[in-house]
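Q: Sharing a structure here in structure tokens format.
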Protein chains: 2
Amino acid sequence: MNIKSYLEERRLQIESTLKQVLPRPEGLLADHINAVRYSVFAGGKRVRPILAMATAEALERNPEPYLPLITSLELIHTYALIHDDLPAMDDDDLRRGKPTNHKVFGEAAAILAGDSLVSYAFELLSDPEIAVDLPDSSRMKILHTVSRAIGPRGMVGGQALDIAYEDRKIPLETLRFLHSCKTGALIRSSVQTGAIIGKAGPQQFQALTNYADHIGLTFQIVDDLLDVEGNTEKLGKSTGGDLARKKSTYPEHLGIEETHKKARDTVEKALEALESFGRQGDPLREIARFIYYRDN
Amino acid sequence: MNIKSYLEERRLQIESTLKQVLPRPEGLLADHINAVRYSVFAGGKRVRPILAMATAEALERNPEPYLPLITSLELIHTYALIHDDLPAMDDDDLRRGKPTNHKVFGEAAAILAGDSLVSYAFELLSDPEIAVDLPDSSRMKILHTVSRAIGPRGMVGGQALDIAYEDRKIPLETLRFLHSCKTGALIRSSVQTGAIIGKAGPQQFQALTNYADHIGLTFQIVDDLLDVEGNTEKLGKSTGGDLARKKSTYPEHLGIEETHKKARDTVEKALEALESFGRQGDPLREIARFIYYRDN
């Protein structure tokens, strides 16, 4: 399979679904909705919803009827980026080559754009007119999985830990925990959302979760490597930022060569987790390879 | 009935439930959890969960088994207060007589404490081990009602509108819409949560929604009146704040006398909405009266 065209096709499906599901910028709330839409449509590879789609496909279920529900994962990711970029947090001016939300709309509007997105994600996840054939029990499971992943013991907790360690070197074990919360948890729950939609059995669910945890780690390692080796063009944001702020990274702990080895090992483990899946698991396999080999 | 002792009894039940349901400040995330807990336990009358409880009671259902679910409404309210108080928003140093979250923990930690609370509320609302006898369909209905109430066309949208109108006079119609989003929507969904728990029929549900909309408006009018007439002791925050920032208030539009009349009329309409409820609706009735007459 051609992973690039697969990803592009899925990305376009997600773009068009996002356009449909987001509120229109009308009436008194138009400015607010515009601030929300600005960041949702400021680019992005749509990795999280694509993972949910590819996971449903691995379980031989067509993900298309579930797209409006699945795109909520991208809204949550966008909310996290808007808040991470804020002056009080990472204070970033650029994201994917474009001015960050607070640079365009101001700080208050940016905080509220993020706040709206997370609520709206839950509005979609709980909307009875979306993915109508999904049983309530599955929907509840998705809601609980996603909400747990992004709260105090997940994504937001990880970001709080990241902020707390600003300007301090982070021990490797703490760094692992931080990443498993800050970025790993949403990736895991994206795969799990696809697994619930695809009616995975308990063993399949566990295998897919293992896969998700390994690609989550690969993502982070590759991000760290790009930060050291990459350039602004590839990332659409300034590089060297994490080092400049003395944040700890994998290359700092392990050295660049060893970090590359770790990334390759982690991809292998992700692939091993998928052993029981047939050819319909190929998109997930190619995504795992793509995360590391796209730039290396 | 003695409304003061009713409210105090319910408040204590909610306090003790909040202590049980919130994560413990342990391990690496202890500082973050402490920031979350600080604002949850910084006082507050717990009006929203009490409304949900009193509504379930009006439908002859004991709300106690549903308390862990119901307290999520207070977590959402706390999240809104933390974000409203931020320097980029209302820039308040005091809330209920105590330093605001960002004054104690810093701006980044305060943004994240709010972010955690809203996710955690959804974690509770979707937890299958909470309120186990509640059917999934009811739980889904609560989740959809609450998420819709606090998103871009609800609480957060209202706050965005409030920020947009800072330093500008707001037309009365816009002010009504702003309040119906910013504060009204969560109050309405609190009553509706109780109505869903109490298995309200369609007419009861509509009557309770009408009640909620009228007490939501009463709340706002009384808040405006206190801001003009009140003192710091009563509110635990500086008064005259809204006028100082040239925000529009009901007294500004209608004059103080007419605003008092409007508050009394609105209480009457809230009571009329409850006409079909027997004595078990008394707590809701007394709450409606209490909102206005406590200070007038």
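The values are calculated or read from the model by the stated rules, or taken from the named source; none is laboratory data. The structure presented is a predicted model; accordingly, all values stated were derived computationally and were not measured. Virtual Cβ from ideal backbone geometry, glycine too; neighbours counted across all protein chains shown. All accessible areas refer to the heavy atoms of the entire protein, side chains included, with ligands and DNA or RNA removed. Shrake-Rupley method; radii C 1.70, N 1.55, O 1.52, S 1.80 Å.
Q: Being out of contact with any Phe, Trp or Tyr (no Cβ under 6 Å at 6 or more places or on another chain) and within 11 Å of chain A (Cβ to nearest Cβ) is the filter; apply it to segment B:29-54 and report the residue that is nearest to B:Y6 (Cα to Cα).
A: The residue in question is B:R37.
Q: Here is a further query. How many residues does segment B:114-161 hold that are under 14 Å from A:I111 (Cβ atoms), at the interface with chain A (Cβ under 7 Å from one of its Cβ atoms) and in a helix (DSSP H, G or I)?
A: Total satisfying the criteria: 6.
Q: Looking at A:E129, A:E74, can you tell me which residue is open to solvent by 10 Å² or more (accessible area, probe 1.4 Å) and modelled with pLDDT of 95 or more?
A: A:E129
Q: Specify the residue that is nearest to A:A35 (Cα to Cα); the eligible residues are those in segment B:162-194 that are β-branched (V, I, T) and more than 11 Å from chain A (Cβ to nearest Cβ).
A: Among those residues, the one meeting the criterion is B:T183.
Q: Let me ask another. For A:T209, only one of the following conditions fails: (1) open to solvent by less than 20 Å² (accessible area, probe 1.4 Å); (2) at positive phi. What is its number?
A: (2)
Q: May I pose another question? Report yes if A:A54 is within 18 Å of the chain's Cα centre (by Cα), crowded, with 24+ Cβ neighbours inside 10 Å and over 26 Å from B:G114 (Cβ atoms), otherwise no.
A: yes
Q: Sticking with this one: Would it be correct to say that B:P23 is touching a residue at least 60 places away in the same chain (Cβ under 8 Å) and within 14 Å of chain A (Cβ to nearest Cβ)?
A: Judged against the criteria, B:P23 is a match.
Q: Of all residues being among the aromatic types (F, W, Y) and in a helix (DSSP H, G or I) in segment B:3-52, which is farthest from A:L161 (Cα to Cα)? Just the residue, please.
A: Filtering first and then ranking leaves B:Y6.
Q: Also, quick follow-up: Evaluate segment B:48-69: report whether one residue or more is farther than 23 Å from B:A131 by Cβ and among the charged types (D, E, K, R).
A: Within segment B:48-69, none of the residues are farther than 23 Å from B:A131 by Cβ and among the charged types (D, E, K, R).
Q: Same structure, new question: Residues of segment A:1-46 being over 23 Å from A:I130 (Cα atoms) and of a type in the set (A, V, I, L, M, F, W, C), which ones?
A: Answer for segment A:1-46, where residues must be over 23 Å from A:I130 (Cα atoms) and of a type in the set (A, V, I, L, M, F, W, C): A:M1, A:I3, A:L7, A:L28, A:L29, A:A30, A:A35, A:A42.
Q: Sticking with this one: Has segment B:58-76 got at least one residue that is under 26 Å from B:Y165 (Cα atoms) and of a type in the set (D, E)?
A: Checking segment B:58-76: not a single residue is under 26 Å from B:Y165 (Cα atoms) and of a type in the set (D, E).
Q: Same structure, new question: Filter segment B:134-148 for residues that are under 17 Å from the mean Cα position of the chain (by Cα) and open to solvent by less than 10 Å² (accessible area, probe 1.4 Å); which is farthest from B:I70 (Cα to Cα)?
A: Among those that are under 17 Å from the mean Cα position of the chain (by Cα) and open to solvent by less than 10 Å² (accessible area, probe 1.4 Å), it is B:S147.
Q: Determine if segment B:265-277 includes at least one residue that is modelled with pLDDT of 90 or more, closer than 22 Å to B:K169 by Cβ and not polar (S, T, N, Q).
A: Within segment B:265-277 (the criterion being modelled with pLDDT of 90 or more, closer than 22 Å to B:K169 by Cβ and not polar (S, T, N, Q)), the answer is no, since none of the residues qualifies.
Q: Moving on to the next point. Output the residues belonging to segment B:79-113 that are open to solvent by 50 Å² or more (accessible area, probe 1.4 Å), in contact (Cβ under 8 Å) with a residue 40 or more places away in the chain and either among the hydrophobic types (A, V, I, L, M, F, W, C) or part of a helix (DSSP H, G or I) (or both).
A: Listed by number, the residues that qualify are B:L94, B:V104, B:F105.
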